[in-house]
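Visitor: My structure is below; once you've seen it, I'll send some questions.
Only the coordinates and a few stated rules stand behind these numbers; no lab work does. From a predicted model like this one, the values you see are computed outputs, not experimental measurements. Cβ placement follows ideal geometry from the backbone for every residue including glycine, while neighbour counts extend to all protein chains displayed.
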Amino acid sequence: MKTVVAKLNGLNDIVPSTEWKERTREILRMQINAGAQAEKVGVFEVIDNLMPSWLSGLSSKPVAVFTLIVLAVVTGSYASLRASRQTKPGDSLYVAKMVGEKTQMALTFNEVDKAKLNLEFASNRVEEMSRVSAEPVQQKDQAIADLNSSFTNQIDQAKSRLTKLAQSQPAAAPVKPAASKPSPKTLAVGDDKVTVTGANLGKDNVSMQIAEAQQLIEKNDIQGALTKIEAATKSADVPADTKATSTVKTEEKATSTSK
Amino acid sequence: MKGFFQDKILFAKLKSQDQAAFLEAYDRYVDKIYRFIFFKVGDAAEAEDLTSATFLKTWQYIGQQETVDEKTLPALLYRIARNVVIDHYRQSNKTEMVSIDEEESQTLVDLKQDPSEAFALKADVEILHKRMKELKDEYREVLIMRFVNELSIAEIAEILEKSKGNVRVLIFRATSALKELMKEEKD
């Protein structure tokens, strides 16, 4: 078999004469020149021919295709981020949520805004912890531990940023536009500010304190915000039952004081 | 791999009716197409005419078609070459037969410069031609494409519009048939 193939391979030495090839080449050149004007073929035309026909059909409407692609990317990204907001660890879109948070942080350059984002993300972790606790999740303990670690990390970053800000503006007095008008959610008892959150304490309480810290940052009360964050950290450390009891006691105390 | 991409770009340029690309394609494939046609018609002068017609028809075909179905340049050239040979036989009412006589094989081997190589080639050509003309046309065609012009199985499959499996079987049968004929020659 090999001998036959080798002999066949040897037949590729059979070629037409060089003179015939050159003559034919010249004839062909003249014939194709007579049929059409010599035109320089553009790069895009060649690329168009390199593409499969279904794809090259679209290339005749570049603006429409570009708009469609941009629209699809923007709509898709927005829809994914919206859908990922209510996710918890273990959900398929949770990664999108994390990526979204990291992107948001990377695109924020103001330290105050960064601190606010840290608090928002910490609040997200608290929310996720309550969801993980309530719903059946694989490796629940590990998920909660991870969320707790992320929460602590965000809080630490917020505190660090706010501390630096407080040191850089020591003279800045806290703005208290509504200071005389007590918030419906806070009551002053002696020197302490006590948060009244009703019977649903624990995680909700932490979220509330974080939200209040964010509000204080907006009012430029960095020191107040730091105090709130400290309180939120303590609330997160204390077991829920203890907190419920202590807060209820404080509520009673506040009621008697108002009387 | 480099040749593959060069061929793709050349084919794309050709489809855009680039005249320079056409002449480059001619330079690259004229020997192979000539050989393919020569083994089909068995006459050097006819092979030259039909080779020239193949290239001209390729240019005309590209100019007339909105889209070219063939995926590769060799596939397009060989398919047109096959049709040109078929049309030639229809017009001249000839049967497609390889008929190499002494004079033709002499013409072929004269192309070689070295006399000793020319002698060896002449012997091979004479024996192979003598035996190959006894083969079925599809066997002869597939052997030329695979072993003389060194086309890939995929390219042959595209040219013949057969599956790769069918082409492999065809090549095996054609080689076996030629081997048997060569054995008879020795005996």
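Visitor: Give me the inter-chain shielding for B:172-181: mean count of other chain Cβ atoms within 10 Å, whole number please.
Guide: Partner-chain Cβ atoms within 10 Å, mean over residues of B:172-181: 2.
Visitor: Now for a separate question. Could you please report the charge total around B:T58, scoring K, R as +1 and D, E as -1 over all other residues with beta-carbon less than 12 angstrom from its beta-carbon?
Guide: Here the charged neighbours net out to +2.
Visitor: Let me ask something else about it. For the pairs B:K8/B:K40; A:K164/A:K219; A:K114/A:K228; A:K116/A:K164, flag any whose C-alpha to C-alpha distance is greater than 25 Å.
Guide: Pairs exceeding 25 Å: B:K8/B:K40.
Visitor: Let me ask something additional. Please rank B:E134, B:E184, fewest neighbouring Cβ atoms within 10 Å first, as an exposure proxy.
Guide: With the fewest neighbours first, B:E134, B:E184 line up as B:E184, B:E134.
Visitor: I've got another one for you. Which entries in A:K7/B:K133; B:K13/B:K162; B:K136/B:K179; B:K162/B:K183 show an alpha-carbon gap greater than 18 Å?
Guide: Going by Cα-Cα distance, B:K13/B:K162; B:K162/B:K183 fall outside the 18 Å limit.
Visitor: Compute the separation of the alpha-carbon centres of region B:1-73 and region A:138-157 and state it in Å as a whole number.
Guide: Value for the Cα centre distance between the two parts: 68 Å.
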